[in-house]
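Worksheet: one structure, shown below.
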Amino acid sequence: DTEVTQTPKHLVMGMTNKKSLKCEQHMGHRAMYWYKQKAKKPPELMFVYSYEKLSINESVPSRFSPECPNSSLLNLHLHALQPEDSALYLCASSQVDLGFSNQPQHFGDGTRLSIL
Amino acid sequence: AQTVTQSQPEMSVQEAETVTLSCTYDTSESNYYLFWYKQPPSRQMILVIRQEAYKQQNATENRFSVNFQKAAKSFSLKISDSQLGDTAMYFCAFMKQPSGTYKYIFGTGTRLKVLA
């Protein structure tokens with residue numbers, strides 16, 4: 001059983017739609033991450049939240065808008081996406097202990113997003 | 001810039017045999033962390049093993065062990081007594097100790113198939 005829960009598991013949306021991806025963890029982790037993974041490629045880091053504050057934004061287009069409403073939840077709001085944004089979106093969490101670089105990340109199953 | 005290279009896109013091994021997956025990286029940093037993650041087909045990514053760059057001793061975790069050669073910037077994963085459940089994509093990952101821009105970089109992955 002995954003300790004990081006992502007919903008929905010699959011999402012199909014048009015380029016004009018607005019949707020949100022959700023991620024939840026109850027392990028007490030204070031760092032949460034969004035990754036984008038294309039087929040047969042490694043995950044690419046998008047955003048990192050540390051103590052509910054955005055720490056890292058890897059130059060992601062503004063059509064992706066992250067939100068961390070509390071220490072257990074992480075959202076990714078989507079608007080006006082392009083077909084090339086179709087991918088598996090992975091959420092992960094980790095402890096923050098003297099920084100989070102040395103902490104293993106716990107991944108969710110991902111949301112498979114298809115843009116029509 | 002940091003890079004992580006996995007030169008073996010695909011590998012196969014007979015059940016109960018030993019296999020070694022290679023990973024090399026390029027960095028000018030002295031403090032960093034290295035990870036191997038496993039992503040089974042259609043399943044979540046999970047941590048296999050972690051190595052701190054300041055530790056000379058190679059990390060081991062049951063059937064999994066690493067050969068960390070800091071001077072050569074090499075971080076290979078050895079899987080002993082391979083099992084069918086080891087079939088997965090394996091990603092090597094580099095994480096930099098926070099002293100500036102945070103980086104968490106995955107290699108391109110090695111697809112391992114364990115044969116019965």
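Within the stretch B:58-65, identify whether any single residue is more than 25 Å from B:Leu115 (Cα to Cα) and either of a type in the set (S, T, N, Q) or in contact with a strand residue (DSSP E or B) (Cβ under 8 Å, 6 or more places away or on another chain) (or both), and answer yes or no. Checked the stretch B:58-65: at least one residue is more than 25 Å from B:Leu115 (Cα to Cα) and either of a type in the set (S, T, N, Q) or in contact with a strand residue (DSSP E or B) (Cβ under 8 Å, 6 or more places away or on another chain) (or both). Restricting the stretch B:28-67 to residues that are of a type in the set (S, T, N, Q) and facing another protein chain (nearest Cβ under 9 Å) leaves a set whose member that is surrounded by the most Cβ atoms within 10 Å (Cβ to Cβ) is B:Gln39.
Screening B:Lys113 on (1) part of a loop (DSSP other than H, G, I, E, B); (2) more than 10 Å from chain A (Cβ to nearest Cβ); (3) under 30 Å from A:Arg112 (Cα atoms) shows it passes everything except condition (1). Criterion first (surrounded by 14 or more Cβ atoms within 10 Å (Cβ to Cβ) and either in a strand (DSSP E or B) or at pLDDT 95 or above (or both)) does A:Val60 satisfy it? Spelling it out, it is not the case that A:Val60 is surrounded by 14 or more Cβ atoms within 10 Å (Cβ to Cβ) and either in a strand (DSSP E or B) or at pLDDT 95 or above (or both). Taken over the stretch A:1-19, residues that are among the β-branched types (Val, Ile, Thr) and outside any strand (DSSP E or B) amount to 2.
Under the condition of being among the hydroxyl-bearing types (Ser, Thr, Tyr) and under 20 Å from B:Thr108 (Cβ atoms), the residues counted in the stretch B:65-89 number 3. Residues in the stretch B:68-108 that are surrounded by 18 or more Cβ atoms within 10 Å (Cβ to Cβ), at pLDDT below 90 and more than 11 Å from every other protein chain (Cβ to nearest Cβ): none.
For the stretch B:55-75, state whether one or more residues are out of contact with any Cys (no Cβ under 8 Å at 6 or more places or on another chain) and closer than 22 Å to A:Ser93 by Cα.
Looking only at the stretch B:55-75, we keep the residues that are out of contact with any Cys (no Cβ under 8 Å at 6 or more places or on another chain), and these are B:55-73.
So of that shortlist, the ones also closer than 22 Å to A:Ser93 by Cα come out as B:61.
Scanning the stretch B:55-75 turns up at least one residue that is out of contact with any Cys (no Cβ under 8 Å at 6 or more places or on another chain) and closer than 22 Å to A:Ser93 by Cα.
Of the residues that make up the stretch A:59-79, is at least one within 27 Å of B:Gly109 (Cα to Cα), under 14 Å from the mean Cα position of the chain (by Cα) and within 14 Å of chain B (Cβ to nearest Cβ)? Within the stretch A:59-79 (the criterion being within 27 Å of B:Gly109 (Cα to Cα), under 14 Å from the mean Cα position of the chain (by Cα) and within 14 Å of chain B (Cβ to nearest Cβ)), the answer is no, since none of the residues qualifies.
The set of residues from the stretch B:2-47 being outside any strand (DSSP E or B) and under 25 Å from A:Gly110 (Cβ atoms) comprises B:Gln2, B:Gln6, B:Gln8, B:Pro9, B:Cys23, B:Pro40, B:Pro41, B:Ser42, B:Arg43, B:Gln44, B:Met45. For the stretch A:4-41, filtered to residues that are within 13 Å of another protein chain (Cβ to nearest Cβ) and more than 21 Å from A:Ser55 (Cβ to Cβ), the residue that is nearest to the chain's Cα centre (by Cα) is A:Thr5.
All but one of (1) hydrophobic (A, V, I, L, M, F, W, C); (2) touching a His at 6+ places or on another chain (Cβ under 7 Å); (3) more than 14 Å from chain B (Cβ to nearest Cβ) hold for A:Ala92, so report the exception by its number. If we test A:Ala92 against (1) hydrophobic (A, V, I, L, M, F, W, C); (2) touching a His at 6+ places or on another chain (Cβ under 7 Å); (3) more than 14 Å from chain B (Cβ to nearest Cβ), just (3) comes out false.
Let's see how each residue does on (1) assigned to a strand (DSSP E or B); (2) modelled with pLDDT under 95; (3) out of contact with any Cys (no Cβ under 6 Å at 6 or more places or on another chain):
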| site | (1), (2), (3) |
| --- | --- |
| A:Leu21 | yes, no, yes |
| A:Tyr33 | yes, yes, yes |
| A:Lys36 | yes, no, yes |
| A:Lys41 | no, yes, yes |
| A:Phe47 | yes, yes, yes |
| A:Pro66 | yes, no, yes |
| A:Leu74 | yes, no, no |
| A:Leu90 | yes, no, yes |
| A:Arg112 | yes, no, yes |
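Of all the numbered requirements in (1) touching a residue at least 60 places away in the same chain (Cβ under 8 Å); (2) facing chain B (nearest Cβ under 10 Å); (3) of a type outside the set (Gly, Ala, Ser), A:Pro104 misses one, and that requirement is (1).
The values are calculated or read from the model by the stated rules, or taken from the named source; none is laboratory data. None of these values were measured; they are calculated from a predicted model. All Cβ positions, glycine included, derive from the backbone under ideal geometry; neighbour counts span all protein chains shown.
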